[in-house]
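A.B. asks: Provided herewith is a single structure, encoded as structure tokens, for subsequent inquiry.
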């Protein structure tokens, strides 16, 4: 078994660069929502109500269950959390 090097953990987990990028973006959005929810200092039930989701759905988010959230769902959660996304697109630099 050869040692392989990857530029990110996402590259190591999936077959294509497109899938890796999708996971990277989703993980960034999950962290942003998680950070703001944690800053509220409220119960998961109260936070779920603010985000208009069920408490089990919020629990999945807070546990980082990335496979349960599409980019669309995360963008909607960010908006409900009163967060705004700024997008910067750049060329991928290969090492």
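The values are calculated or read from the model by the stated rules, or taken from the named source; none is laboratory data. Note that the structure is a prediction, hence the values are computed from the model and not measured. Positions of Cβ are backbone-derived with ideal geometry, glycine not excepted, and every protein chain shown enters the neighbour counts.
A.B. asks: Can you tell me which residue among 65, 45, 90 is surrounded by fewer than 13 Cβ atoms within 10 Å (Cβ to Cβ) and under 19 Å from residue 19 (Cβ atoms)?
C.D. replies: Numbers: 45 fails: under 19 Å from residue 19 (Cβ atoms); 90 fails: under 19 Å from residue 19 (Cβ atoms).
Going through 65, 45, 90 in turn, the sole match is 65.
A.B. asks: Quick check on my filter: what residues within region 23-64 are modelled with pLDDT of 95 or more, in contact with a helix residue (DSSP H, G or I) (Cβ under 9 Å, 6 or more places away or on another chain) and not in a helix (DSSP H, G or I)?
C.D. replies: Residues satisfying the conditions are 42, 43, 52, 53, 54.
A.B. asks: While we're looking at this one, here's another question. If I ask for residues that are free of Cβ contacts under 8 Å to residues at least 12 places away in the same chain and either assigned to a loop (DSSP other than H, G, I, E, B) or farther than 24 Å from residue 17 by Cα (or both), which ones from region 71-81 would you list?
C.D. replies: Let us first name the residues in region 71-81 that are free of Cβ contacts under 8 Å to residues at least 12 places away in the same chain, namely 72-73, 76, 79.
The answer is 76, 79.
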